[in-house]
1. How many percent of the accessible area of the chain is carbon or sulfur, using a 1.4 Å probe?
2. Tell me, what is the percent relative contact order of the chain, built from C-alpha pairs under 8 Å that lie six or more residues apart?
3. Using Cβ-Cβ distances only, list the Cys residues of the chain with no partner cysteine under 4.7 Å, sorted by number.
4. Where the only charges are on Cβ atoms (+1 Lys, Arg; -1 Asp, Glu), what is the dipole of the stretch 45-146 about its Cα centre, to the nearest 20 debye?
5. Which residue, 191, 221, 201, has the largest displacement toward the positive end of the dipole of the stretch 128-223 when charges sit on each Cβ (Lys, Arg +1; Asp, Glu -1)?
6. Please give, to one decimal in nm, the separation of the simple spin-label points placed at residue 47 and residue 166, each 7 Å out from Cα toward the Cβ.
7. Please report, in debye to the nearest 20, how large the charge dipole of the chain is about its Cα centre when each Lys and Arg carries +1 at its beta carbon and each Asp and Glu carries -1 there.
8. Tell me which trypsin sites (Lys or Arg not before Pro) from the stretch 1-110 have a DSSP coil assignment and no more than 11 other beta carbons within 10 Å of their own.
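The values are calculated or read from the model by the stated rules, or taken from the named source; none is laboratory data. These figures come from a predicted structure and were not determined experimentally. Every residue, glycine among them, receives a Cβ derived from its backbone with ideal geometry; neighbour counts consider all protein chains shown. Side chains are part of the model used for accessible areas, which takes the heavy atoms of the whole protein and leaves out ligands, DNA and RNA. Shrake-Rupley method; radii C 1.70, N 1.55, O 1.52, S 1.80 Å.
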Amino acid sequence: TLRYLVEVTNPGDLPAEDTIMVAEIPVLMKYLGSTPPPSQELTRQLRWQLGNLGPRETHRFEVRCRADGAGDQRLHVRADADGGVSAESSVSTRVVQSALGLRVLGPPTTAKVGERVHFNIEVSNTGDQPVSNVIIRDQFDAGLRHTGGERSPIERAVGDLGPGDVRQIGVSFIIQRAGQHCHTVEVAAAGGHAASLRACVDATEPRRSVVVEVTGPEQRTAGESAIYKIRVTNTGEAELTT
């Protein structure tokens, strides 16, 4: 989401009457919303009726858009008031198409508390030019404990990726408690290339049960020794501790 901040100011000593502000949305951008909302919304044009703008009075706006294509995008804003008073400004945004691909290979979706879960993360260069300074970052929920003891977020330098290059990185966690636990993986490179994904695992408490078996002689004469064998078996899904 791209956020543009617009200020309309009357720098003079007299009111600017019947002021109107118009914002032209670039073709490759989708308008998402604004604060305050416009008085009129056309296909690619937004209009605000500001009324009278007092001396040195300023109105502030936030316009939110999403880039739907790569290239140089220009947001143009114009303010007009009675008497032929007018001002305009524009800002250019260069939108790049990310050449980074990101996916998780065969992610686990269910697990038991106490189990180790492993995620294989694949980073790829899907473009026709090298990408440099690739960094991968993994931010995980409190219900996951990194097997290496690192705290969230984990960050690794992948280096450079040539066109079509693929790199795999593994990350493992221990499930700490029941519930859904997620981690967000983000990868970025020089030139504004970026990608992200979110992977989750549903954890449940393991079934716990134990069986005790005792075997020994059914009869002995007074004074004789008797040997009894006691067998304790963990028949559940988790380690049992005292």
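1. Carbon and sulfur atoms account for 47 percent of the accessible area of the chain.
2. Across the chain, relative contact order equals 16 percent.
3. Cysteines of the chain left without a disulfide-compatible partner: 65.
4. Here the stretch 45-146 has a charge dipole of around 280 debye.
5. The residue sitting farthest along the positive end of the dipole is 221.
6. It is 5.4 nm.
7. Numbers: 26 positive and 30 negative charges, 172 e Å.
The dipole of the chain has a size of about 820 debye.
8. Of the trypsin sites (Lys or Arg not before Pro), the ones in loops of the stretch 1-110 whose Cβ has at most 11 other Cβ atoms within 10 Å are 56.
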